[in-house]
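To start, the structure under review is shown below, and the notes come after it.
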Amino acid sequence: ITADVAHGEDWTYWRGDCVEVMRDWPESSVDLSVYSPPFIALYTYTNTERDLGNAATKEEFFEHFGYVVAELLRVTKPGRLTCCHLSQVPAMQVRDGYIGMKDMRGPTVVLFERLGWIYQGEAVIDKDPQAQAIRVRAKGLAFQQLHKDSSWMRPALADYILVFRKPGDNAVP
């Protein structure tokens with residue numbers, strides 16, 4: 001798999017299989033990483049079984065995402081940060097057998113900590129429930145559901161930026 005690379009002043013961008021791309025990077029060479037992994041099977045980007053977006057279950061997703069998290073720890077400089085954007089994932093009757101939510105935030109924090117990262121904090125990005133209802137046609141956000149059976153109503157899903165720090169001292173404050 002070939003990777004696309006672009007450079008600018010004080011930054012480099014790679015596009016490709018992230019685990020394969022990072023394997024070529026020297027240990028403790030990254031100051032900051034910012035990324036958004038696929039949210040279980042919410043989005044599918046390719047047809048390869050190696051694509052995180054093709055994980056059949058939440059457990060399979062986190063098993064595979066562990067390879068990314070471990071490689072990020074290897075390439076990140078001590079005391080430096082990684083920022084992971086994610087959202088909670090709606091469970092769907094057709095795909096999951098129930099309507100509800102799949103927690104992405106909690107298991108992501110547990111995974112990073114288990115693999116050696118320090119949980120530094122998070123930023124919450126609130127979303128407009130009406131815009132989300134129109135875009136994804138979620139039953140729990142639909143106005144008609146309020147009158148039909150309001151027990152199905154739920155808030156709009158927020159996005160999160162989870163921030164983790166690699167243990168050790170930052171050599172260049």
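The values are calculated or read from the model by the stated rules, or taken from the named source; none is laboratory data. Computed from a predicted model, the values in this text were never measured in an experiment. Neighbour counts are summed over all protein chains in view; Cβ atoms, including those assigned to glycine, are modelled from backbone coordinates with ideal geometry. Ligands, DNA and RNA are stripped out before the accessible areas are found, and what is left, the full protein with its side chains, is counted by its heavy atoms. Shrake-Rupley method; radii C 1.70, N 1.55, O 1.52, S 1.80 Å.
Quick notes on this structure:
- Only protein atoms count toward the accessible area here, which uses a 1.4 Å probe; on the range 1-129, the carbon and sulfur part of that area reaches 54 percent.
- Cross-link partners for K102 among the lysines, with Cα-Cα distance under 20 Å and sequence neighbours closer than 8 places in the same chain left out: K58, K127, K139.
- Equivalent-ellipsoid semi-axes for the range 10-109 (Cα gyration tensor, √(5λ), whole Å, largest first): 28, 15, 11.
- Whichever lysines have a C-alpha closer than 19 Å to that of K77, once near sequence neighbours (fewer than 8 apart) are set aside: K166
- Cβ-based net charge around I125, under 13 Å, with every Lys or Arg adding one and every Asp or Glu removing one: -2
- Among 115-128, 71-84, 51-64, the peptide with the highest mean count of other Cβ atoms within 10 Å heads the list, and the full ranking is 71-84, 51-64, 115-128.
- Using only side-chain charges placed at the Cβ, +1 for Lys and Arg and -1 for Asp and Glu, the dipole size of the range 1-116 relative to its Cα centre rounds to 320 debye.
- The peptide list 99-112, 13-26, put in order of mean Cβ contacts within 10 Å with the highest first, becomes 99-112, 13-26.
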